[in-house]
Amino acid sequence: MVDGRPQAETRVVALATGEVLAAASSLDEYGSAVTGWLENPVTTPAPYSLTVDLPGDPPLALESEVFRVVQCAWDEEAGECAKIVSPLSGELGEFPDALPDWDDAPAQADPEDPYAAVNALHVTTRFVERLLAWGWDPAVWEVVNCEWQELPPEECRVEIVTNVRWSDSEGAPIPFNGAVYRGNGEIHMGQGTHADAAYDLEVLVHEFGHHVTRGHGAGEPIGWFDDGRFVRDRGALNEGSSDVFASFMGQTPELYDYFRNLGGLYLGPRARDVSIPFRCPENVAGELHMEGRIWASAMYDIRAALLDAGLGDEDAFPAIFYGANAAIRNFPADQQALMADASLLLADEVELALGPDAGELARAILEERGLLACSYQIDINQEPSITGIGDPSDPLHARFVILPSYNPNADPTVVAAHPLAPAVQHRVTLTPSAGEDDAPNQVTLEFVPDRWRTTQPLEEPLDQEGLVVAALVKPGGDPVLFWRDEESDQIVHDAELVVPSAPLPGDVRHAIVIQGLEPGATYAIALVSQTAVTGDLFLVDEMEWRLELGPEPMGSTGSTGAGETSETDGDPPASTGDESAGATDGGEDISVETGCNCAATRGRGPARAASCGWPRSRSFAAAARARRRRAPPRARAVWSSAPEPDQAAGRARPSGGRDRSPPDRRPASRGSRSRPAAGAARRPGGP
């Protein structure tokens, strides 16, 4: 030690005799006091100091053996962030410690403040210490992480960039209200409009958690939306696991207190609160962070239950979770029922480490949350708007889905006729309500259309009236299958009717009315976007379902809706040149002529139906007969949400080679790597 600082000694040793031929000492690390927040300026406003060993002599950079922290300085000429090594310590190794108050608005929005970088070092140092206690070996991790990326260690070490801003179309800096792990070892902590992401421990830990899981030998779970459950399960586990790490380090179960409130992200129904008992499939929404809430809240409850039962200490379950997470990360990329397999593996690890009682407790929680057989198909009969349970503004009972959308440069006829496969579907059985004799024959959905959380501010307001969502309806309850036709290279599906939405007059809400259904029958309903949305996802928000007695169709059972109703099949629809035409049938335009827009009437049941003269449309049975007369399409399936028998039991099967049997006689491959049609959106990154 020299002046209280660690001293490193270098020796030259003769290999044959072991004799020390030479020795020299040099300063290796400097113990520097670093001040930050225990969690964030809102939850824990008091400054919290610790001593961190930093390499070299003052002035010191914010760097350790595992990671380094740099700042973003705006490069006016390039119109982008330039990384700079800042701040540097003073001559005594000291860093700025006069932390701003949470209500100091200028400080929160300052893109050049030094506290973001200092706090990033403060938080990440503490997280690394916990990871070491849970069994993380940085040396082994770095070898694996760098080798599978084929990079030298100095290029794949994690680098945290604070005060990050993005640029607008003119190259001027704009706030970045978020944080993102870039996949190349970089973590970008945004400088938001009103908040700084690097001030929030849970945001930092979440993003660093992505880097930890990446080091276990598999890439980030990035794929096309129509690749099916491979993308959703693996991505949901990835996002949920980072939320689990954040919950281990945080002081409260409601994550991202500071950045959520000042940054305006994940508020209300979208809250990331691990104490809320989210379930599958009720709370699946078609977006990785939202699905991750189910996994994260189950992990939180397992840890709490084990502690309550006296099974292990505070670090017992985090260590088990860390080890299980490493194994889960190495599941084959095409493995099906991944969520179920991950859950079973975790329960087995709990039992091995803490005994049979602990394993049984973990399995009971996982089963109660639906994680042992998550179908990604929601039962409309059990929805809060049907059963009357819960507050629709409550995160547990709020219903919304996120749909993949084409980019605006896509052909409008492709957008309307060949929608991208949604991540979640619905199922309904038309049985009488309690105390009623007549079974409903109509399904109505009202909702608010919008964009999902945008990655940058909108340069122009979104025209909500022009947003169109369609319901693809298929008798029998089995999910609607989507696949890419090999001849047209377009996405097609096996739904029999397409019912577009229309806005309700004087309201931001839209409606889809599916009429002429068979009482007592079961149907699958897949909601899809028929609107191109710039680089983002389509949000179907504030969903309210109703099962109603609608008008009897004239002559046959059919379906009409708040927009035009088309019948379709698995053959690639011909382009009609009309954006609102929906799907067509083998080149023959069989869209029924739109009658009165009953979405304009907020009444229900026969009184509502009597106010409109609904047009005639062909029946489901007629459409099915027409389908059977056609040869099955040459295609490969890309989506199916129904769990197959061995998936429901928690066993996985690889997808194997491509099966060319018709879609209705083969399981859809959830791991297919088919690319989306031109203009389809990639999954955006984010915290």
Task: Using a Förster distance of 30 Å, the FRET efficiency for Ile174-Tyr48 (Cβ separation, nearest 0.05) - done: 0.40
Task: Under 5 Å, built H, 5+ apart or other chain: amide partners of Phe482 - done: Val638, Trp639
TODO: Hey, could you get me the Stokes-Einstein D for region 236-334, Kirkwood radius over alpha-carbon pairs, 37 °C and 0.692 mPa s, rounded to whole µm² s⁻¹?
DONE: 231
Open item on the list: Per 0.36 nm of contour for each residue apart, how much would the distance between Ile389 and Asp357 grow if the chain were fully extended, relative to their Cα-Cα spacing?
Closed with: 8.2 nm
- [ ] Starting from the amide H of Leu527, placed 1.01 Å from N in the peptide plane, find each other amide H under 5 Å away whose residue is 5 or more places distant or on another chain.
- [x] His426, Leu472
- [ ] Heavy atoms only, probe 1.4 Å: what % of the accessible area of region 39-184 goes to carbon and sulfur, would you let me know?
- [x] 51
Task: Pairs of Cα atoms farther than 14 Å apart, region 357-424, % - done: 74
TODO: Would you mind calculating the gained length between Asp75 and Asp348 on full extension (0.36 nm times residue separation, minus the Cα-Cα distance), in nm to one decimal?
DONE: 93.1 nm
TODO: Name the shape class, rounded, prolate or oblate, that the alpha-carbon gyration tensor gives for region 160-205, where a ≥ b ≥ c are the square roots of its eigenvalues, rounded holds for a/c under 1.5, and otherwise prolate holds if a/b is larger than b/c and oblate otherwise.
DONE: oblate
Open item on the list: Can you give me the long-range amide H partners of Arg165? Hydrogens built in the peptide plane at 1.01 Å from N, cutoff under 5 Å, separation of 5 or more residues or another chain.
Closed with: Gln191
Task: Global geometry of region 36-170, whether rounded, prolate or oblate, following the gyration tensor of its Cα atoms and the 1.5 cut on a/c - done: oblate
Open item on the list: Tell me the per residue accessible area of region 324-411 using a 1.4 Å probe; a whole number in Å² is fine.
Closed with: 39
Task: Sparsely packed GluC sites (Glu not before Pro) within region 59-104, loop by DSSP, other Cβ within 10 Å at most 12 - done: Glu76, Glu77, Glu91
Open item on the list: Test of the criteria: in region 296-405, which GluC sites (Glu not before Pro) are in a DSSP loop and have at most 15 other Cβ atoms within 10 angstrom of their Cβ?
Closed with: Glu314
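The values are calculated or read from the model by the stated rules, or taken from the named source; none is laboratory data. Computed from a prediction, not measured in an experiment: that's the story for all the values here. Quick reminder, even Gly has a Cβ in these numbers, built from the backbone with ideal geometry, and neighbours come from all protein chains shown. For the accessible areas, the whole protein counts, side chains as well, though only heavy atoms, and no ligand, DNA or RNA atoms are used. Shrake-Rupley method; radii C 1.70, N 1.55, O 1.52, S 1.80 Å.
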